[in-house]
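Encoded as structure tokens, the structure appears first; notes follow it.
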């Protein structure tokens, strides 16, 4: 397994922000990176589904669900759609569900926890907005790098690790 983050932190310390270590790994791809697309939503995954239905080659969806664990913002069907559309990974400040199925998918998935409750569907949320959680501000167009050591973000692509 590749320890990507320690090398990137050593090489680019002044260019990165480290997210607080509050996330758990759920997908089979423990190491992933890519250009960020952001979504802000609360207990409604309509915008998450909308974005992951688009081509995502080399991208990572970052979702601020307000830290809610009451309803999962991604399950196995949405994760499968993300894989089919080429997304590298998803980071959720909130919960996922179908953790067993997602653990077998070649998709990077980090979230706070698993919760069995499905999301509401009211088409509420915002795409491509600045998100602030886990001690970092993340914007669409930033670059996110994740492995079992944590998550870092940068305003620019870091060396040869970017798509």
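No value in this document is a laboratory result; all are computed from the given coordinates. This is a predicted model, so every value here is computed, not measured. So basically every Cβ, Gly included, is an ideal-geometry build from the backbone, and we count neighbours across all protein chains shown.
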Query raised in the report: Can you sort 103, 14 by how many other beta carbons sit within 10 Å, fewest first?
Result: 14, 103
Requested in this report: For a footprinting-style exposure proxy, rank 74, 81, 117 by other Cβ within 10 Å, fewest first.
Outcome: 117, 81, 74
Query raised in the report: In nm, what is the difference between 0.36 nm times the number of residues separating residue 85 and residue 53 and their Cα-Cα distance?
Result: 10.8 nm
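Based on DSSP H runs of at least 4 residues, each adding -39500 (n - 2.57), what is the mean residue ellipticity at 222 nm of the chain after dividing by all its residues, to the nearest 500 deg cm²/dmol?
So the calculated ellipticity at 222 nm is -4500 deg cm²/dmol.
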Requested in this report: Please provide three numbers in whole Å: the alpha-carbon extents of region 55-124 along the principal axes, with the largest listed first.
Outcome: 29, 26, 19
Report task. Summarise the long-distance tail of P(r) for region 68-163 by giving the % of C-alpha pairs beyond 21 Å. Result -> 38
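Can you tell me what share of the DSSP beta bridges in region 54-163 is antiparallel? A percent to the nearest 5 is fine.
45
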Report task. Using Cα centres only, tell me the gap between region 116-158 and region 9-83 in whole Å. Result -> 6
Requested in this report: Against the globular-protein guess of 2.2 N^0.38 Å, express the Cα radius of gyration of region 4-156 as a ratio, rounded to two decimals.
Outcome: 0.93
